[in-house]
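Please read the structure below before turning to the comments.
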Amino acid sequence: MSRDIKKIADTVIASTYKRFPIVITRGSGCMLWDADGKQYIDFVSGIAVCNLGHAHPKVSTAISSQSSRLLHVSNLYYTVPQVELASWLIENSFADRAFFCNSGAEANEAAIKLARKYFREKGDNGRYRIVAMEKSFHGRTMATLSATGQDKIKKGFDPVLEGFDFVPFNDVKALQNSITDATCAVLLEPVQGEGGVRIPDADYLSRVRRLCDEAGVLLIFDEIQTGIGRTGKLFAYEHSGIEPDIMTLAKALANGLPIGAMLAKEYVASAFGPGSHASTFGGTPIVSAAALETLRTLKEEKIVEHCHEMGRYFKQQLEALRARHGAILDVRGIGLLLGMKLKIPGDKFVNACMERGFLINCIQDTILRFIPPLIIEKPQIDALLNCLDELFDQSA
Ligand SMILES: *Cc1c(COP(=O)(O)O)cnc(C)c1O
C-alpha cells in the first residue's frame, strides 16, 4: 500500500516538499507507525507541533466532544471556546488581547499589519519599516517571506514587500544603527529555529528591548516555534526578563490542529478596530477547544517542567556525544529545541536514523535538530543517542 500511496502522491500533490519515503498512518505519544507497521520514535513532532505527543487522549476527547456540538459559526458571533482560550493566554502571558488565525504566517501577517496600523492611528505616517534578523524564518506568504532573512526563501518571488531591513541576529550595535525614524518595529525569534537553533547572548533580548523603548518602536517576538513550553518555559521570552509588545504563536498551540494567534498589549491591540483585520476560521470553536485542552494539560501535568528537565539531560548527553566524535562541531539549544552542528552534511544521518526507527530532521544542511514531543522520557532519548553514537562511529 505505501508504495502505491507514494507513487500517486508524486503525481497529484504539488512538489513543494521533498518527502521521506514512508507513509505514516498512526501515532501515540512519542511513537509513530508507518503503513508497513514499522515503528518510530518521533524527534520531529510534526516540526514542533505535537508537544503533548500524538493522539493525546485529553485533546482527542476535547476535539470529538466539541465536534458534535459546534464546529464553526464565524466571528460574527461570540463562542465559548474562543473566549476561554483567549482568557487562558492572557492570564498566562504579558498580553492583554488575542487575535486568532490559522497558521504561523498568518499570525505574523497580523503582527506586521498591527505594527504599521499602530503608528497610523497615532498620526505618524512615516513609521512603517520593520527591522528583522538575518537567518530568521517568519513564513511563506508574501509579507512573511519578505520579513524572512534567508535569500533561498525569497528566490523567484520578486519583488518582495517593501519595508524590511535586516541585521545579524545577536548584534546590538547593528540593530541600533538600523533603527531610524521610519522604523515601526523590530521583529525576531527569541531563539532562531529554522535558521539553525541559534540562542542569543543572555543580555541580548533585554538590550533589544531597551533600544526599542529609546527609539519608540514596537518589539515583536515570533514565538511560533519557541512558544507553548518548547524551551522549558511556557514562552521563551520568560527566560529574558523582558516582554515584547506583540507575540505570535502557532505550531504547538492546538497540538496538531491548525491555529495561529497574535497576542498584544492593550495600547497596541487597540489600533485594530472592527474591520481592520479578519479571518473566517480564526479561533473557530473546534480548534479553540483543542488549544484550550492542550494548554490546560500542559499546565496540569507539569509538562513544561518536564521539558526543562529532559532538555537539560538531552543536551548534556549530546555534549558527551560531541566529545567522542570529531564530526560534531557543536551542540546548541534550550529545553527541547536542540541542535547539533556537523562538519559534514546531515542528510545521511537523518536517513540512517529513520532506517533504525528514529525520526529526526536536518536544517541548514549540516545541523541535526531534535524537537521531540515534550513528554519524551529518558529511555527514548538514550535509544536515539545510542543510535547516533553507532552511526558516528561508522562514519568516522
Ligand atoms: C513555522 C514557523 C513559521 C511559519 O508558520 P506556518 O504555520 O508554517 O505558516 C513562522 N515563524 C517561525 C519561527 C516558525 O517556526
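Would you tally the residues in region 194-225 being under 17 Å from the mean Cα position of the chain (by Cα), buried (at least 24 other Cβ atoms within 10 Å of the Cβ) and within 15 Å of MET133 (Cα to Cα)? Going through region 194-225 one residue at a time, the tally reaches 5. Return yes when ILE367 is touching a Phe, Trp or Tyr at 6+ places or on another chain (Cβ under 8 Å), β-branched (Val, Ile, Thr) and either under 22 Å from TYR17 (Cα atoms) or surrounded by 19 or more Cβ atoms within 10 Å (Cβ to Cβ) (or both) and no when it is not. Considered against the rule, which asks whether it is touching a Phe, Trp or Tyr at 6+ places or on another chain (Cβ under 8 Å), β-branched (Val, Ile, Thr) and either under 22 Å from TYR17 (Cα atoms) or surrounded by 19 or more Cβ atoms within 10 Å (Cβ to Cβ) (or both), ILE367 comes out as no. From the list ALA278, ALA323, ALA271, pick out the single residue that is surrounded by 14 or more Cβ atoms within 10 Å (Cβ to Cβ), hydrophobic (A, V, I, L, M, F, W, C) and farther than 15 Å from ARG369 by Cα. Answer to the selection: ALA271. Every condition in (1) within 16 Å of the ligand (Cβ to nearest atom); (2) in a loop (DSSP other than H, G, I, E, B) is met by PHE272 except one, and the failing one is (1).
Test of understanding: among MET310, MET340, which residue is within 23 Å of the chain's Cα centre (by Cα), under 23 Å from ALA252 (Cβ atoms), in a helix (DSSP H, G or I) and of a type in the set (A, V, I, L, M, F, W, C)? Let's see the steps before the verdict.
Values: MET340 fails: in a helix (DSSP H, G or I).
Within the list MET310, MET340, the selection yields MET310.
Taking region 358-377 as the range and being part of a loop (DSSP other than H, G, I, E, B) and of a type in the set (Val, Ile, Thr) as the test, the residues that pass are ILE360, THR366, ILE371, ILE375, ILE376.
Filtered by the rule that a residue be assigned to a helix (DSSP H, G or I) and within 11 Å of the ligand (Cβ to nearest atom), region 108-138 gives ASN108, GLU109, ALA111.
Looking across GLU243, GLU162, GLU238, GLU214, one residue alone is within 23 Å of SER87 (Cα to Cα), free of Cβ contacts under 8 Å to residues at least 24 places away in the same chain and out of contact with any strand residue (DSSP E or B) (no Cβ under 7 Å at 6 or more places or on another chain). It is GLU238.
Starting from residues that are of a type in the set (S, T, N, Q) and closer than 13 Å to LEU359 by Cβ, keep the ones in region 38-86 and report whichever is surrounded by the most Cβ atoms within 10 Å (Cβ to Cβ). Please lay out each step first, then the result.
Start the filter on region 38-86 by keeping residues that are of a type in the set (S, T, N, Q), which leaves 39, 45, 51, 60-61, 64-68, 74-75, 79, 82.
If we keep only those that are closer than 13 Å to LEU359 by Cβ too, we end up with 39, 45.
Working: GLN39: 10, SER45: 26.
In this case the residue turns out to be SER45.
Within region 117-131, is even one residue surrounded by fewer than 19 Cβ atoms within 10 Å (Cβ to Cβ), closer than 24 Å to LYS251 by Cα and under 24 Å from the mean Cα position of the chain (by Cα)? No, there is no match, as no residue in region 117-131 is surrounded by fewer than 19 Cβ atoms within 10 Å (Cβ to Cβ), closer than 24 Å to LYS251 by Cα and under 24 Å from the mean Cα position of the chain (by Cα).
Residues in region 95-107 include none that are surrounded by fewer than 16 Cβ atoms within 10 Å (Cβ to Cβ) and in a strand (DSSP E or B).
If you check ALA105, ALA62, ALA95, ALA55, which single one turns out to be in contact (Cβ under 8 Å) with a residue 24 or more places away in the chain, within 28 Å of ARG369 (Cα to Cα) and touching a Leu at 6+ places or on another chain (Cβ under 9 Å)?
ALA105
Evaluation of PHE281 against the conditions (1) over 17 Å from ILE199 (Cα atoms); (2) part of a loop (DSSP other than H, G, I, E, B); (3) out of contact with any His (no Cβ under 8 Å at 6 or more places or on another chain) shows that the sole unmet condition is (3).
Of the candidates ILE90, ILE112, the single residue that is surrounded by fewer than 15 Cβ atoms within 10 Å (Cβ to Cβ), aliphatic (A, V, I, L, M) and closer than 24 Å to ALA48 by Cα is ILE90. Counting only strands (runs of 3 or more DSSP E) that sit completely within region 143-240, those holding 1 or more residues that are touching a helix residue (DSSP H, G or I) at 6+ places or on another chain (Cβ under 8 Å) and either of a type in the set (Gly, Ala, Ser) or within 12 Å of the ligand (Cβ to nearest atom) (or both) correspond to 183-188, 218-222. Within region 257-264, does at least one residue satisfy the condition of being away from the ligand (no atom under 13 Å from the Cβ), in a strand (DSSP E or B) and surrounded by 17 or more Cβ atoms within 10 Å (Cβ to Cβ)? Looking through region 257-264, at least one residue is away from the ligand (no atom under 13 Å from the Cβ), in a strand (DSSP E or B) and surrounded by 17 or more Cβ atoms within 10 Å (Cβ to Cβ). On the stretch given as region 181-193, residues that are within 17 Å of ALA147 (Cβ to Cβ) and surrounded by fewer than 20 Cβ atoms within 10 Å (Cβ to Cβ) total 1.
Scan region 52-69 and tell me whether some residue there is in contact with a His (Cβ under 9 Å, 6 or more places away or on another chain) and closer than 15 Å to THR297 by Cβ.
no
Before we move on, is THR248 among the β-branched types (Val, Ile, Thr) and in a strand (DSSP E or B)? When the stated conditions are applied, THR248 passes them.
Just so you know, all these numbers are worked out from the coordinates, no wet-lab data involved. Here the structure is a predicted model, which is why all the values come from computation and not from measurement. Reconstructed Cβ throughout: ideal geometry from the backbone, glycine too, with neighbour counts over all protein chains shown.
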